[in-house]
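First up is the structure itself, then whatever we jot down about it.
No lab work stands behind these numbers, since they all come straight from the coordinates. Just so you know, these numbers come straight off a predicted model, no measurement behind them. A quick note on method: Cβ atoms are made from the backbone with ideal geometry, for glycine too, and the neighbour counts reach across all protein chains shown.
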Amino acid sequence: MTVRSTAVAVLLVAGSAAAQAPYELQRGQRFLAATFGGSFPTGAGPRFGVVRNRAVVMGSAQAEWVLAAGRYAALSGLVEIPVALVLPSADAPGHECWWRLTTRLRLCSLVDRPHDAVMALGVSPLGLKVSASPASQARFFAALSGGGMYFDRNTPVVAARALNFSSELSVGIDVSSRDGSRVASLGWKYQHWSNAGTAPVNPGLDANLIVVAVRSRR
C-alpha cells in the first residue's frame, strides 16, 4: 500500500468515526419540545401544598436554548406553555381542611364542584436547566422553573384563587440521536401551585409527575 493510499484510508476512517461521534450541546442551539406527564401518589408527599385528593395530568409546549456549554455541563433557558387537568378522587370531600404551616391553626374551606375536573392554562417563562456531560448522547439533567396558571375556577378551594403561581423542580435523563436533531426525555417533576397569599387562604396544591418529552433541534 502506497503512502498516498494509506493517507486516504486514514482520512476515511477518521471521517467515519467523526460522523458517528455523539452530538455535543453547543451555545446558541435551540430546541422545541412537547411534554406529557401524569401524577402518582406518594402518601404524605412534600409538605408545601397540603391539599390532597387529586391527580394531575399535564402537557406543554416548551422552548429551550443553550446559554453556555462546557466540558462537564451545559446551562439552558426554558420557556413553557403548560395545560393541566386536575382530577378529583372518587371519594373527594366537599370541603378541605388543613393546618396552617406557620401557626398550626386548622382551616377549612368548601371545594367548588368537588367531583368535577378542573382545567388550567399557564406560562412558565422563568426556567433554567443544567445538563451533565454535554458531549454524551445520554445526559442527566435538573431544571427549575416558575410562572403562573389560570384555573377555570378557584383552586384548590373556594376561598383560594383561580390564578395561582407555579413552581416546579424536574430531574431526569435526555437521550439524543447521533446527530442531535431529536431528543427523548424521561423524568420526575414536582409541581407546586399556590396563590402566594393573595387570597383569604393559601393551602396550595402539589403533584409528583412522571414526565416524557420529545425535543427537536431548530
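Return the label of the correct value of volume of the Cα convex hull per residue in Å³, as calculated from the structure shown, out of (1) 131; (2) 184; (3) 141.
The listed entry that was calculated here is (1).
When the chain is modelled as a GNM with alpha-carbon springs shorter than 10 Å, which of Trp98, Trp193, Trp65 fluctuates the most?
Of Trp98, Trp193, Trp65, the Gaussian network model singles out Trp98 as fluctuating most.
Tell me what the chain gives for mean residue ellipticity at 222 nm when only DSSP H runs of n ≥ 4 count, each as -39,500 (n - 2.57), the sum divided by the residue total, rounded to 500 deg cm²/dmol. Write down the numbers at each step before the final one.
On the way: 1 runs with 18 residues, N = 218.
My calculation for the chain gives -3000 deg cm²/dmol from helical runs alone.
Within 10 Å, count the other beta carbons around each residue, average over each peptide in 27-36, 102-111, and list them highest first.
On the way: 27-36: 15.5, 102-111: 12.5.
Peptide ranking by packing, descending: 27-36, 102-111.
So how tilted is helix 3-20 from the main axis of the chain? Cα-based, degrees 0 to 90, rounded to 10.
Tilt relative to the chain: about 10 degrees.
Take the alpha-carbon centre of region 76-149, take the same for region 170-193, and report the distance between them in whole Å.
Taking the Cα centre of region 170-193 as reference, the centre of region 76-149 is 18 Å away.
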